[in-house]
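Peer 1: Once you've had a glance at the structure underneath, I'll fire off some questions.
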Amino acid sequence: MKQIVFDCDNTFGVKDCDVDDGLALLYLLGCEDARLHGITASYGNNCLDVVCKTIHGMLKELGREDITVKPGGSKAGEYDSEAADYLVMMAGRFPGELSILATGSLTNLGGAYEKDRHFFEKIKEIVLMGGVTEPLAFEKKVMKELNFSCDPHASFNVLKYGKNVSVITGNNCLKVLFTREEYKKELFGRKERIARYIRENTDDWFRYNEEDYGIGGFYNWDVTAAVYLMHPELFTAHKIQFSFSEKDLQTGYLRREKTGESICNLPEIGEEKAFKRNIYDTWMKVKIYNG
């Protein structure tokens, strides 16, 4: 059983905002081997207030208000927060056992490190979604990196001093595209309440990606990170040498260097069919207890 804290900028169902943090949350809730203790709110997809409102609203809709929610810093450098305190407390409660999944800005993790310089030593593993190794160029425009670049100083500390860190980069997510046709096939014929819940909250995201980027579907960036946390066997691990700098991280860029002083794991998705099958099957295990 993995002991997990999910640090995210969830905007599930918010118009023209990413849905993948919410889908990652649903994935964790569907994993029998995941014990989700709490969610720490970060900014990125939207401001902190909107993210907190979205998280609380989603948990209420699912009937899972038993899960702890802590607001984090609202901007880069705002390291004194309830989220940072909670992360430090949980690391102390589960030394060597706590897994952290972080899919937004890294201000909260940076805040925990500022409060306790031994914080990373107590963590079992950290899985991050963010960073680019080359531009994410699509038909209509280049997609900006919006996680590591939000707080370069915090991101540098997490990448430089974090233990057992795996990074799901935007580039490595591009292997698997989720199309509207596939969603219809997998979700529209299902009787489970969670299938309708996902359909209703993600349908407009297909429109946004097509109109804004020319993408015929969307990439499940944060879900990919959640899948790696729970099922690394569906990926190929790649330990790579990097030279991290706050300057590079202002754009989320991860600089590979053979003489780099830092080693980080950049997993790549394995077989697409098995990866997608795991996601859809896990989502369908989520129970809605409200109503």
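The values are calculated or read from the model by the stated rules, or taken from the named source; none is laboratory data. These numbers were taken from a predicted model, which means no experiment stands behind them. With ideal geometry, Cβ positions are generated from the backbone for all residues, glycine too; neighbour counts draw on all protein chains shown.
Peer 1: Kindly list, by first and then second residue, each pair from a residue in region 167-180 that is surrounded by fewer than 21 Cβ atoms within 10 Å (Cβ to Cβ) to a residue that is of a type in the set (D, E, K, R) and assigned to a loop (DSSP other than H, G, I, E, B), limited to pairs with Cβ atoms under 9 Å and residues at least 6 apart or on different chains.
Peer 2: ASN171/GLU134
Peer 1: Show the residue pairs meeting these rules: Cβ distance below 7 Å; 6+ apart or different chains; first residue within region 38-66 and over 20 Å from ALA195 (Cα atoms) and among the hydroxyl-bearing types (Ser, Thr, Tyr); second residue in a strand (DSSP E or B) and modelled with pLDDT of 95 or more.
Peer 2: Qualifying pairs under 7 Å: THR40/VAL5; THR40/ASP7; THR40/LYS70; SER42/ASP7; SER42/CYS8.
Peer 1: Now for a separate question. All but one of (1) under 22 Å from TRP221 (Cβ atoms); (2) free of Cβ contacts under 8 Å to residues at least 12 places away in the same chain; (3) of a type in the set (Asp, Glu) hold for ASP18, so report the exception by its number.
Peer 2: Unmet for ASP18, out of (1) under 22 Å from TRP221 (Cβ atoms); (2) free of Cβ contacts under 8 Å to residues at least 12 places away in the same chain; (3) of a type in the set (Asp, Glu): (2).
Peer 1: So GLY92 ticks every box in (1) crowded, with 18+ Cβ neighbours inside 10 Å; (2) modelled with pLDDT of 95 or more; (3) not in a strand (DSSP E or B) but one. Which box is left unticked?
Peer 2: (1)
Peer 1: For TYR197, are the conditions met, namely being in contact with an Asp or Glu (Cβ under 8 Å, 6 or more places away or on another chain) and either assigned to a helix (DSSP H, G or I) or under 28 Å from GLY63 (Cα atoms) (or both)?
Peer 2: yes
Peer 1: Can you work out which of the residues in region 134-157 that are at pLDDT 95 or above and assigned to a loop (DSSP other than H, G, I, E, B) is surrounded by the fewest Cβ atoms within 10 Å (Cβ to Cβ)? Reasoning before the result, please.
Peer 2: Taking region 134-157 first, the residues at pLDDT 95 or above are 147-157.
Now drop any that are not assigned to a loop (DSSP other than H, G, I, E, B), which leaves 147, 151.
Values: ASN147: 26, ASP151: 30.
By that ranking, first place goes to ASN147.
Peer 1: Taking LYS247 as the residue in question, decide whether it is basic (Lys, Arg) and modelled with pLDDT of 95 or more.
Peer 2: Values: basic (Lys, Arg): yes; modelled with pLDDT of 95 or more: yes.
It is true that LYS247 is basic (Lys, Arg) and modelled with pLDDT of 95 or more.
Peer 1: Which pairs turn up if I take residues in region 274-288 that are of a type in the set (Lys, Arg) and look for partners that are surrounded by 18 or more Cβ atoms within 10 Å (Cβ to Cβ) with beta carbon separation below 6 Å, at least 6 apart in sequence or on another chain?
Peer 2: LYS285/GLY30
Peer 1: Check LEU249, LEU266 and return the single one that is over 18 Å from CYS17 (Cβ atoms), in contact with a Phe, Trp or Tyr (Cβ under 7 Å, 6 or more places away or on another chain) and in contact (Cβ under 8 Å) with a residue 40 or more places away in the chain.
Peer 2: LEU249
Peer 1: How many residues are in contact with a Lys or Arg (Cβ under 8 Å, 6 or more places away or on another chain), of a type outside the set (A, V, I, L, M), surrounded by 15 or more Cβ atoms within 10 Å (Cβ to Cβ) and not in a loop (DSSP other than H, G, I, E, B) if we restrict to region 243-272?
Peer 2: 5
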